[in-house]
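Asks: Right, I'll just put the structure down here and ask away after.
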Amino acid sequence: MSETPNRKDLFLVGMSFRTASIELRESASFTMNDLACMVAKAHPEQGGLEAVVLSTCNRNELYVASPTLEAVSSWMDSFRALRPEVPLLGDPSHAYRMRGPDAARHLFRVACGLESSILGDSQILGQVRRAMTESAERGLLGAFLQKTFTLAAGAGSRARRESEIGQGAASIGSAVAEMIARRAAERASASWEILIVGAGEIARDTGRQLARRGLGRLTFVNRSWPRAEALARELRARSLPWASLDEALTRADVLVTAASSSTPILSRHRLDAALGERSVPLLVFDLGMPRNVQPGSGCDIIDIDHIQEQREATFLRRRSAIPHVERVVDETLVAWRRVSVRQSAEVQIRNLYRAASEVSRLAGAELAGLGQVDPRVAERVVLRSIKRLLHAHVRDLREVGVSWGWNDSDGRA
């Protein structure tokens, strides 16, 4: 079957943590605002083009709905001229390109968390929905991509509802936050004073997870006070200078240490002296390697090995969910194929009726030339006859359209 001029197909060009370094992904990043401006400059006359940018810390992907590969290639050439510094649009060595069902399947896997650096990532589904919304706000989301991304969001929601793909704490920070939430529930504590020592990646992840859950007031202490201040501003927390660590310990309910140090930064004598007589022991999460807290104090210390055990148990649960989630992806792809084929059938039907109108006009004019007949009346009579002839065939075409096959080798009907 030849490709109908007005029927759209799905095209994807992207790069992810699997194909490119973080530095390259950062340089390849562009937003929906960038895309809207590029579309306006590249092809202001191409009103039917649809596009969505899915840009996260792990991926930069551009989804395009267009009638032909040639139109996409021409459009991408214009993009390269406007943004030659973006490697995603130029150097293909770190990018992947997909079309049709392959592109749709990839998007559905992304939404379900199967393509995330952390299996079952809880944030990606919201990012997929946000990408769709931003595209709509800029006038780049048409019916085809809207349906495609709606199916993707539905697949992601269903995967999390029906399986354990998103259950448990997968990052160190989320594992700590989950354990603190459980302890807070056990102690019936509405809000805790949480002291975080360090300002690196683990401290940032832990702080974000705790801030998102609203488990207490966060305070950051770090040898480099500017880094603690920057992190505190980001999370609407507070920071203290390194010299205030002992004083901060006296007020803390929870201590999280994630500092880089070759020796313990808190000896058991320093901790015991700072804490004095407490009715409830300080809850300590020592995430340092080597350990930041010397064992032997009166604190309740949970070390990195225990956290890793919790994470591994989580990953086992999530990995066990993969077969079910793959079925969700497969079933969503079947639904997407039906949408795509139905779109193709409707385009064929519209073209058929358009041709019928043109034939009726010409036939009406010809009949009018043969006798005293109003050409408009003749045209209406001919068109009515043609529509009667087409009606049963169009009905059959719509009924059997969903059974039309696809050639998976190139994604074309």
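Every read-out reported here was derived from the displayed coordinates using simple, explicitly stated rules and does not represent laboratory data. Predicted model only: the values in this text are computed from it and were never measured. Reconstructed Cβ throughout: ideal geometry from the backbone, glycine too, with neighbour counts over all protein chains shown.
Asks: Find out how many positive minus negative residues lie around T56, taking Lys and Arg as positive, Asp and Glu as negative, among other residues whose Cβ is under 15 Å from that of T56.
Replies: +2
Asks: A further question follows. What ³J(HN,Hα) values, in whole Hz, does the Karplus curve 6.51 cos²θ - 1.76 cosθ + 1.60 give for region 104-116 when θ = phi - 60°, with x put for Gly and Pro?
Replies: These are the phi-based 3J(HN,Hα) values: 5, 4, 4, 4, 5, 5, 4, 4, 7, x, 7, 10, 8 Hz.
Asks: Quick check on packing: order 52-63, 154-165 by the mean number of other C-beta atoms within 10 Å, highest mean leading.
Replies: Going by the mean number of other Cβ atoms within 10 Å, highest first, we get 52-63, 154-165.
Asks: Using a 10 Å cut-off around each Cβ, can you sort D300, D253 from fewest to most neighbouring Cβ atoms?
Replies: Final ranking by Cβ density, sparse to dense: D300, D253.
Asks: Return F108, F315 ranked ascending by Cβ neighbour count within 10 Å, so the fewest neighbours appear first.
Replies: Listing F108, F315 from fewest to most nearby Cβ atoms yields F315, F108.
Asks: OK, next. Between R238 and K387, what is the label-to-label distance in nm when each label sits 7 Å out along the Cα-to-Cβ direction?
Replies: 7.5
Asks: Once you put a point 7 Å from the Cα of D305 and another 7 Å from the Cα of A81, both along the Cβ direction, what distance in nm separates them?
Replies: The modelled label-to-label distance comes out at 6.4 nm.
Asks: Answer rounded, prolate or oblate for region 199-259, using the Cα gyration tensor with square roots of eigenvalues a ≥ b ≥ c: rounded when a/c is under 1.5, else prolate when a/b is larger than b/c, else oblate.
Replies: Judged from the Cα gyration tensor, region 199-259 comes out oblate (a/c at least 1.5, b/c at or above a/b).
Asks: Still on this structure, please answer the following. Using r as the Cβ-Cβ distance of R161 and Q123, and R0 as 25 Å, what FRET efficiency do you calculate, to the nearest 0.05?
Replies: For R161 and Q123, the calculated efficiency is 0.90.
Asks: Put +1 on the Cβ of every Lys and Arg and -1 on every Asp and Glu Cβ in region 189-277; which of L210, N222, T250 then has its Cα farthest towards the positive end of the dipole?
Replies: Value: L210.
Asks: Label points 7 Å out from Cα along the Cβ direction at S74 and A185: separation in nm?
Replies: 5.9
Asks: Where nothing but the Cβ of Lys and Arg (+1) and of Asp and Glu (-1) is charged, how large is the charge dipole of region 122-225 around its Cα centre, in debye to the nearest 20?
Replies: The calculated dipole for region 122-225 is roughly 140 debye.
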